Amino acid sequence: MRLVVLAILAPSLLLAPLAARAQQTGKVYHIGHVASVDFDQPEQVELRHWPAFVQALRDLGWIEGKNFVFERRRVPSRTSLRQTAEEFVRMKVDIIIVSGGARAAAIQQVTRTIPIVTLAAGDLVASGIVPSLNHPGGNITGMQSYAPEIMGKRLQMLRELNPALSRVAVLRRFLWHAGILAVYQRATADAAQSLGLKLRYVHFDDAGELPAVFAEMRKERDAAILIWDDPAISELAPQLLDLALKNRLPTIADAGRWATLGALIGYGPKPQDLYRQAATHVDRILKGAKPGDLPIGQPTTFELICNLKTARTLGVTIPKSILVLADQVIE
């Protein structure tokens, strides 16, 4: 009987060290990273969230330089995005990670086989990028940062800042996908109607247009600005917020980091948590899961950041009802 047991166990005993050795000397995966900021400039606010993603990968057993490497490319324009996607295809990377649903969709135009994981994105279903959150199909999965339930809360905060507020400019960069624009407008308009606010939707393409954009706001008597965040408009945050201060217009954005850059209030999903959850998608794909079978993650935690320095410059007072809820108050 002992001989039979040994005969059964012998192959597994022999294979165990081989498997361990194979894991140690196994494949080094290549993750293509489409970056919207320069990673050589650590002061970039967006880079504060990146360590959460790397640490989450580490906690799952993925060590940069040991069993995977990043192939990072900074992509400043749509033209360079396509070129980068084509380069990743030639390199045969195992996964591509990116922030923004529009960027993910643009990459998908180049490859429908390499898995694409979004670190954060708008409404991926309304934009037509995926058919379903639970079963996205295709090669795109990851996290979306769109949270319609807090659209109205931002407008409510602007009303608390100024009870007499009647007109708000809603600012975005570039012409958005018709589907996702409709969803954002519907959620914002419903809240505005209940508060008795009149909205004016404003978009621009280049930084050179911003002075004219703000001149139009003065002409239209817009008294506050709601900024719809995405990687494209984030690139111009310093210029945009400087003009808002000069024109004495309070700003609220749908991402907390905007307040650290000079906006009056930033309120949105916690990016660190989105990045951590995106890492689990990467982990499962590298272990063999198909991206189309992995549900799109949605935000569950949010952060509110208020900038008192900006408030003093504008001559406004942020009510205690808002400050007591803040995760961070910048003095």
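The values are calculated or read from the model by the stated rules, or taken from the named source; none is laboratory data. Just so it is clear, the model here is predicted, and its values are computed rather than measured. Note that each Cβ is placed from the backbone with ideal geometry, even for glycine, and that neighbours are counted across all protein chains shown. Surface accessibility is based on the protein's heavy atoms, side chains included, excluding ligands, DNA and RNA. Shrake-Rupley method; radii C 1.70, N 1.55, O 1.52, S 1.80 Å.
In whole percent, what relative contact order does the chain give with Cα contacts below 8 Å and a gap of six or more residues?
Once divided by the residue count of the chain, the mean separation gives 18 percent.
Express in Å², to the nearest 10, the accessible area of Leu325 obtained by rolling a 1.4 Å probe over the protein heavy atoms while all chains stay in place.
The accessible area of Leu325 comes to roughly 120 Å².
Below 12 angstrom from the Cβ of Ser166, what's the summed charge of the other residues (Lys, Arg +1; Asp, Glu -1)?
My count for the surroundings of Ser166 gives +3.
By the scheme Lys and Arg +1, Asp and Glu -1, what is the net charge of all other residues having a beta-carbon under 12 Å from that of Pro291? Spell out each step's value before the answer.
Values: positive: Arg112, Arg284, Lys290; negative: Asp94, Asp293.
Local net charge: +1.
Residue farthest toward the positive end of the dipole of the chain, with Cβ of Lys/Arg at +1 and Asp/Glu at -1: which of Gly288, Leu124, Leu241?
Comparing the listed Cα positions along the dipole, Gly288 ranks first.
In debye, nearest 20, what is the charge dipole magnitude of the stretch 230-331 about its Cα centre with +1 on Lys and Arg Cβ and -1 on Asp and Glu Cβ, if you could check?
Using only the charged Cβ atoms, the result is roughly 140 debye.
In what sequence, largest accessible area first, do Met217, Met91 appear using a 1.4 Å probe? Could the numbers behind the result be given before it?
Values: Met217 0, Met91 75 Å².
So the residues, ranked largest to smallest area, are Met91, Met217.
Work out how much length Lys320 to Glu216 would gain on full extension: take 0.36 nm times their residue separation and subtract the Cα-Cα distance, in nm to one decimal.
34.2 nm
How much accessible area per residue does the stretch 113-191 have, in Å², with a 1.4 Å probe?
36
Note down the relative contact order for the stretch 208-324 as a percent, whole number, built from C-alpha pairs under 8 angstrom at least six residues apart.
Relative contact order, the stretch 208-324: 23 percent.
Grab the beta carbon distance between Ala164 and Asp205, set R0 = 22 Å, and tell me the FRET efficiency rounded to 0.05.
According to the calculation, E is roughly 0.10.
Select from Gly315, Leu195, Met217 the residue farthest towards the positive end of the dipole of the chain; place +1 on Cβ of Lys and Arg, -1 on Cβ of Asp and Glu, and compute about the Cα centre.
My answer, from the dipole projection, is Leu195.
Note down the relative contact order for the stretch 223-271 as a percent, whole number, built from C-alpha pairs under 8 angstrom at least six residues apart.
So the answer I get is 35 percent.
If you take the charge dipole of the chain about its Cα centre, with +1 on Lys and Arg Cβ and -1 on Asp and Glu Cβ, which of Asn162, Ile63, Ala253 is farthest toward its positive end?
Ile63
Rounding to the nearest 20 debye, state how big the charge dipole of the stretch 198-290 is about its Cα centre with +1 on each Lys and Arg Cβ and -1 on each Asp and Glu Cβ.
Its charge dipole is roughly 380 debye.
Using only helices, what value at 222 nm comes out for the chain when you add -39,500 (n - 2.57) per DSSP H run of length 4 or more and divide by the total residues, to the nearest 500 deg cm²/dmol?
-13000 deg cm²/dmol
Can you list which of the DSSP-assigned H helices in the chain have a Cα extent of 27 Å or more along the long axis and an average Kyte-Doolittle score of at least 1.0?
The answer, listed by residue number, is 2-24.
Arrange the residues Lys27, Lys66, Lys270 by how much accessible surface each exposes, largest first, with a 1.4 angstrom probe.
Per-residue accessible area, sorted high to low, gives Lys66, Lys27, Lys270.
Counting Lys and Arg as +1 and Asp and Glu as -1, each charge on the Cβ, what is the dipole of the chain about the Cα centre in debye, to the nearest 20?
300
For the chain, set up a Gaussian network in which alpha carbons nearer than 10 Å are linked by springs, and say which option among Ser80, Ser194, Ser36 fluctuates the most.
With Cα springs under 10 Å in the chain, the top fluctuation among Ser80, Ser194, Ser36 is at Ser194.
Which value, in Å² rounded to 10, gives the accessible area of Arg200 with a 1.4 Å probe and all protein chains present?
50
If I model a spin label at Gln193 and Thr313 as a point 7 Å from the Cα along the Cα→Cβ vector, what separation in nanometres do I get?
Roughly 3.7 nm, to one decimal.
Please report the spacing between the Cα centers of the stretch 166-184 and the stretch 236-260 in Å, no decimals.
The two parts, judged by their Cα centres, are 17 Å apart.
Give me the percent of the accessible area of the chain that comes from carbon and sulfur atoms, probe 1.4 Å, all protein chains in place.
Result for the chain: 54 percent of the exposed heavy-atom area is carbon or sulfur.
Name the residues whose placed amide hydrogens come within less than 5 Å of the amide hydrogen of Val170, ignoring near sequence neighbours (fewer than 5 apart) on the same chain.
Those lying under 5 Å, H to H, from Val170 are Arg200, Tyr201, Val202, Leu226.
Under a plain spin-label model, where a point goes 7 Å from the Cα along Cα-to-Cβ, how far apart in nm are Thr300 and Arg58?
Distance between the two pseudo-spin positions: 2.4 nm.
Can you give me the accessible area per residue for the stretch 236-331, using a 1.4 Å probe, in Å²? Let's see the in-between values first.
Values: 4140 Å² over 96 residues.
Ligands and nucleic acids excluded, the figure is 43 Å² per residue.
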